[in-house]
Amino acid sequence: MKTVGVLALQGDFEAHAGAFARAGARAAEVRTVEQLEAVDALVIPGGESTTMLKLMSYYGLFEPLKAFAAAKPVFGTCAGAILLAGEVLNPPQASLNVLDMTIERNAYGRQLASHVARLRGHALDGDAELEAVFIRAPIIRRVGDSGKILATHNGDPVLVDFGRHLVATFHPELTQDSRVHKLFLRKVEAR
Ligand code: GLN
């Protein structure tokens, strides 16, 4: 069985570990380069992308994470999606620059800072609607040709497949529905 690492510098990494356990996979927390080298795939969780960016540099993980993403699957949720995007807006911010997409931080405004949506018409197993928890979420403003949009909310992409990689602007680890995690696990097992 492959091991999925969960970047555990900041944010809701523990919930991802629980979600992978429910999906039948082994997860391990990653805080060091050695731990990163020991996993087959990585999740970058939700949290505060600015803080995570600082901690990545502090712990010498920035370049190793870029190298990891060049070879292995990475799944970014919310702040994790921001850190993987090639271009970040509101305000512009550095990133690992892994995916050809533009993302705008905190894009739902104050009133809608956190909300739960039920997504229909998604491209996941089974057509049951998908509960999506948005917390100070970003909006993906542009998806390059390498991205395939799997789900939208108000017309904006919220779940995008980038071949080896996957991004969600919501928090699939906070619901009991394992379909998004299972989708990522299929990418991991296929390698
Ligand atoms: N607002 C956060 C950021 O810009 C992301 C929020 C989240 O990950 N839930 O980094």
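Every number in this text was worked out from the coordinates using simple rules, so none of it is lab data. Keep in mind that this is a model prediction, so the values were computed, not measured. All Cβ positions, even for glycine, are placed from backbone atoms using ideal geometry, and neighbour counts span all protein chains on display.
Quick one: divide the alpha-carbon radius of gyration of segment 32-124 by 2.2 N^0.38 Å and tell me what you get.
1.17
Quote the relative contact order of segment 128-191 in percent (integer), defining contacts as alpha-carbon pairs under 8 Å separated by 6+ residues. Write out the running numbers ahead of the final one.
Numbers: 75 pairs, mean separation 19.3, N = 64.
Taking the mean separation of contacting Cα pairs over the length of segment 128-191, I get 30 percent.
Could you give me the radius of gyration and the Dmax of segment 134-191, taking only the C-alpha atoms into account and expressing both in angstrom?
Rg then Dmax for segment 134-191, in Å: 11.7, 34.
Any idea how far the Cα center of segment 121-191 sits from the one of segment 1-72, in Å?
Segment 121-191 and segment 1-72 have Cα centres spaced 18 Å from each other.
Mind jotting down the three principal axis lengths of segment 80-134 based on Cα atoms? Whole angstrom, largest first.
So the three principal-axis extents are 37, 29, 14 Å.
Can you return the aspartates and glutamates within cross-link range of LYS187? Criterion is Cα-Cα under 16 Å, with same-chain partners fewer than 8 residues away left out.
ASP40, ASP125, ASP161
Which is the longest stretch in the chain that no exposed loop site breaks, taking sites as GluC sites (Glu not before Pro) with a DSSP loop state and at most 16 other Cβ atoms within 10 Å? Don't skip to the end; give the middle numbers.
Values: sites that count: GLU48, GLU129.
The answer is 49-128.
Only helical DSSP H runs with n ≥ 4 go in: add -39500 (n - 2.57) per run for the chain, normalise by residue count and round the 222 nm mean residue ellipticity to 500 deg cm²/dmol.
-7000 deg cm²/dmol
Which value results when the Cα radius of gyration for segment 1-66 is divided by 2.2 N^0.38 Å?
Numbers: Rg = 11.4 Å, N = 66, 2.2 N^0.38 = 10.8 Å.
Here the Cα radius of gyration is 1.06 times the empirical estimate.
Compute the orientation-averaged projected area for the chain from the convex hull of its Cα atoms and round it to one decimal in nm². Mind showing how you got there, number by number?
Numbers: hull surface 38.1 nm².
Directional mean of the projected Cα hull area for the chain stands at 9.5 nm².
Among VAL43, GLY60, THR102, which residue has its Cα positioned farthest towards the positive end of the charge dipole of segment 13-103, with +1 placed on the Cβ of Lys and Arg, -1 on the Cβ of Asp and Glu, and the dipole taken about the Cα centre?
Ranked along the dipole, the leading option is VAL43.
Can you tell me the dipole magnitude for the chain around its Cα centre, using point charges on the Cβ only (Lys, Arg +1; Asp, Glu -1), in Debye to the nearest 20?
100 debye
In whole Å, largest first, what are the principal axis extents of the Cα atoms in segment 73-180?
36, 34, 22
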